[in-house]
Ligand code: B12
Ligand code: SF4
């Protein structure tokens, strides 16, 4: 006869996991103390210096954790200092991308030495969970929201598992309204960009082989009810006492569901806000979309053009990029007063020295306001990483900032790649080139970004990228 253990069969009288969590939480003698850390990277790029964007990922973690526990929030990029003595804390939870993984691991190791429960989350620990478990008690795979109940129950019971991975993703309607006070309470908070991060959708089914999003979230695309997004915008308008608030969407690709996107735009037009976002270019070739985006207060869209070579686009599976549409997309956006942050990557196997001239001509002829260049970087966990692994020069995560040479190119030497890469950046950011691209455009932060890039690119030498 088979014996059935009582705990494997849930009784209708058992509390649900959510109820159990509330019960356990209310029995805490004192609220457990969490230290949440955004680590600083070693990158020479400008992304982690000067003004930085508020880390919505860690803010979302703090918002959830803060419902049941005490939270101390440290953002090393601001100059916040991690205490040497971690005894006031029970749990140290650290977010990490690849470029700050080694710093995240150093913090994790130090906290483990002080016998703290250490939790690592974010893109890199998700993609490299076996590596990450050596530097923590537990890794959280993907978003915290979908696994929070199980994680929090284990924290309260003091019985942690090495990895927490949700069986299914929760709908975004359950996402809490982010509480920015955790980040803004830092005495260094003035270093945060005034643009408020906001999230409407998650995921991107385009499926580029170099991107972590399809690997972590699959072809899934979720969105929040519009009212939730708009309520968040109205809340900030009231808090700041003005209509003209600047929002920065953290979405992977905001336009994947055209109807949702168009309705969101209509509603933002009524609110009178300003916004920027990442977007794929399929769909922007329609003039009516660009017109509505301009009317809704969009002042900049970040678009991954990646390469002007259609063969390269095909090889990375970026089906959203139709080479014949590039100029039409730019023209549509410019006609409606929307600036473009254009991303371009170099080092692909199809790239030759001519690729740089082609890109220069495209940027200058189309007056791309904010071109951003990177060296192709196979991020761990992506199909591209697996494909390129035998050719990757190093696995030093500090150098995975898209500004280091990852492998020898196939149709030119590394020296040629780097010299052309530097020349292109310096050429599009000379004073004259900035004027040619920017003349007549609104006097805003995009001009400042160009000025900063002018200074930054002058300093570049090939050694920088090794
Ligand atoms: C918006 C965005 C940006 C913005 C803002 C970044 C910022 N400060 O937050 C800008 C434009 C500045 C940017 C810049 C860059 N980015 Co970016 N960016 C994104 C994007 C699209 C969304 C990030 C986001 O905020 N999502 C919303 C939040 C709420 O979700 P989340 O980050 O996934 O966080 C959840 C979980 O990860 C988890 N979690 C996160 N941390 C923790 C911690 C703990 C303890 C726990 C339990 C859980 C947990 O719970 C969170 C809440 O749900 C991601 C793609 C992605 N989906 O991750 C790429 C991404 C992070 N970027 C990437 C890259 C490469 C860059 C750049 C190097 C690009 C460049 N060449 O300039 C720079 C580097 C910037 C930097 N210093 O990190 C890569 C990183 C790859 C990697 N393996 O590290 C990503 C993953 C895109 C990709 N190609 O795959 N980026
Ligand atoms: S379009 Fe952007 S977000 Fe979507 S898979 Fe490609 S790189 Fe990732």
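Please treat every number below as a calculation from the coordinates, not as lab data. In this text, all values refer to a predicted model and were calculated from it rather than measured experimentally. Positions of Cβ are generated from backbone atoms using ideal geometry, with glycine treated the same way; all protein chains shown enter the neighbour counts.
Annotations for the structure displayed:
- When 296, 410 are arranged by Cβ crowding within 10 Å, least crowded first, meaning fewest neighbours, the order is 410, 296.
- Based on alpha-carbon atoms, the Kirkwood radius and the radius of gyration of the chain give Rg/Rh equal to 0.98.
- Cα long-axis angle, helix 101-113 against the chain (0 to 90 degrees, to the nearest 10): 20
- Average Cα contact separation per residue, the chain, under 8 Å, 6 or more apart, as relative contact order %: 12
- Volume of the Cα convex hull of segment 260-301, divided per residue and given in Å³: 62
- Cα-projected label distance for residue 85 with residue 335, points at 7 Å along beta-carbon direction, nm: 6.6
- Working note: Cα atoms of segment 63-188, range along each principal axis, descending, whole Å: 37, 32, 31.
- Projected over all directions and averaged, the alpha-carbon convex hull of segment 194-465 occupies 14.2 nm².
- Cα centroid of segment 31-53 to Cα centroid of segment 65-140, whole Å: 11
- Rounded tilt (10° steps) of 445-458 against the dominant C-alpha axis of the chain: 80
- Column: log10 I(q)/I(0), Debye, Cα scatterers of segment 209-293, q = 0.12, 0.13, 0.19, 0.23 Å⁻¹: -0.41, -0.47, -0.94, -1.23
- Sorted by Cβ density within 10 Å, fewest first, the residues 148, 445: 445, 148
- Full extension of the chain between residue 30 and residue 227 gives 67.3 nm of extra length, using 0.36 nm per residue less the Cα-Cα distance.
- With both residues required to sit in the chain, DSSP beta bridges show an antiparallel share near 5%.
- 222 nm mean residue ellipticity, helices alone, for the chain (DSSP H n ≥ 4; -39,500 (n - 2.57); rounded to 500): -10500 deg cm²/dmol
- Cα point-scatterer Debye curve for segment 354-429, base-10 log of I(q)/I(0) at q = 0.12, 0.26, 0.28 Å⁻¹: -0.40, -1.21, -1.29
- Inter-label distance, residue 352 to residue 189: 5.5 nm, where each label sits 7 Å from its Cα along the C-beta direction.
- Extension gain for the segment residue 322 to residue 435, taken as residue separation times 0.36 nm less the Cα-Cα distance, is 37.8 nm to one decimal.
- Neighbour-count ranking [beta-carbon atoms within 10 angstrom, fewest first] of 400, 343, 235, 164: 235, 343, 164, 400
- Computed E for residue 168/residue 243 - FRET, C-beta separation, R0 45 angstrom, nearest 0.05: 0.70
- Out of every Cα-Cα pair that segment 43-101 contains, those further apart than 17 angstrom amount to 48 percent.
- Values of log10 I(q)/I(0) for segment 318-461 across q = 0.11, 0.18 Å⁻¹ run -0.47, -1.14, by the Debye formula with one identical scatterer at each alpha carbon and no solvent.
- Short to long, the 10 Å bins of the Cα pair-distance histogram for segment 178-335 hold 10, 36, 34, 17, 3, 0 percent of all pairs.
- The C-alpha atoms of the chain define a longest principal axis, and helix 17-26 lies at about 70 degrees to it.
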